[in-house]
1. If Phe38 satisfies all but one of (1) part of a helix (DSSP H, G or I); (2) under 19 Å from Arg81 (Cα atoms); (3) at pLDDT below 95, what's the number of the condition it fails?
2. Mind checking which strands (runs of 3 or more DSSP E) fall wholly inside region 82-141 and carry at least 2 residues that are surrounded by fewer than 17 Cβ atoms within 10 Å (Cβ to Cβ), modelled with pLDDT of 95 or more and not charged (D, E, K, R)?
3. Output yes when any residue across region 63-74 is surrounded by 15 or more Cβ atoms within 10 Å (Cβ to Cβ), at pLDDT 95 or above and on the phi > 0 side of the Ramachandran plot, and no when none is.
4. Pairs needed: first member in region 28-54, on the phi > 0 side of the Ramachandran plot and free of Cβ contacts under 8 Å to residues at least 24 places away in the same chain; second member anywhere, polar (S, T, N, Q) and open to solvent by 60 Å² or more (accessible area, probe 1.4 Å); C-beta distance under 9 Å; at least 6 residues apart or different chains.
5. Ile79 is checked against (1) part of a helix (DSSP H, G or I); (2) closer than 24 Å to Pro32 by Cβ and fails just one. What number does that condition carry?
6. Cys13 fails exactly one of the following numbered conditions: (1) modelled with pLDDT under 60; (2) closer than 29 Å to Ile68 by Cα; (3) hydrophobic (A, V, I, L, M, F, W, C). What is the number of that condition?
7. Asp54 - would you say it is open to solvent by 70 Å² or more (accessible area, probe 1.4 Å), more than 18 Å from Asp119 (Cβ to Cβ), modelled with pLDDT under 95 and of a type in the set (D, E, K, R)?
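The values are calculated or read from the model by the stated rules, or taken from the named source; none is laboratory data. Predicted model only: the values in this text are computed from it and were never measured. Methodologically, a virtual Cβ is constructed for each residue, glycine included, from the backbone with ideal geometry; neighbour enumeration extends over all protein chains shown. We work out accessible area using only protein heavy atoms, side chains counted, and drop any ligands, DNA or RNA first. Shrake-Rupley method; radii C 1.70, N 1.55, O 1.52, S 1.80 Å.
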Amino acid sequence: MRKMKYLMMAVMCLVSSNLMADDTPIPVEQLPEAAKTFVQANFKGQKILYAEKDWNTFECRLADGTKIEFNKKGAWKKIDRKNQALPAGIVPETIQEYVKANFEGCVITKIDKERYGYDIELSNDIDLKFNYQGVLIGMDD
């Protein structure tokens, strides 16, 4: 009987943790104000089509296919534009200059804030890692 009780508790914990990890669709109005302001300022004319909330993050998709992940306060964490260039104001100037000087004809299509700095992806599918000072610290192709 005791083993059955522990087994049931374990199953309940597993099920509840899976439910909490699922993304839940939300109305766009429930995005943090900072997230909505960021989209309006950097993606002019793009409508937010879909929004969802995880336990500590928000995510939205824009009409042009852009996917943006925000933290619970509404600061961006990841932006993926597939094959389109990110707006210049999002990417630090030193990183923009490095890409322009070393990868002619390529644009930055994805950026992730990581604990060490930024992970960016170029239109030629090369990934570059920069620290927060904009110094290149790694590359993957």
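1. Against the list (1) part of a helix (DSSP H, G or I); (2) under 19 Å from Arg81 (Cα atoms); (3) at pLDDT below 95, Phe38 comes up short only on (3).
2. Correct list: 136-140.
3. Yes: region 63-74 contains one or more residues that are surrounded by 15 or more Cβ atoms within 10 Å (Cβ to Cβ), at pLDDT 95 or above and on the phi > 0 side of the Ramachandran plot.
4. Listed by first residue and then by second, the contacts come to nothing, as the list is empty.
5. Failed condition: (1).
6. (2)
7. no
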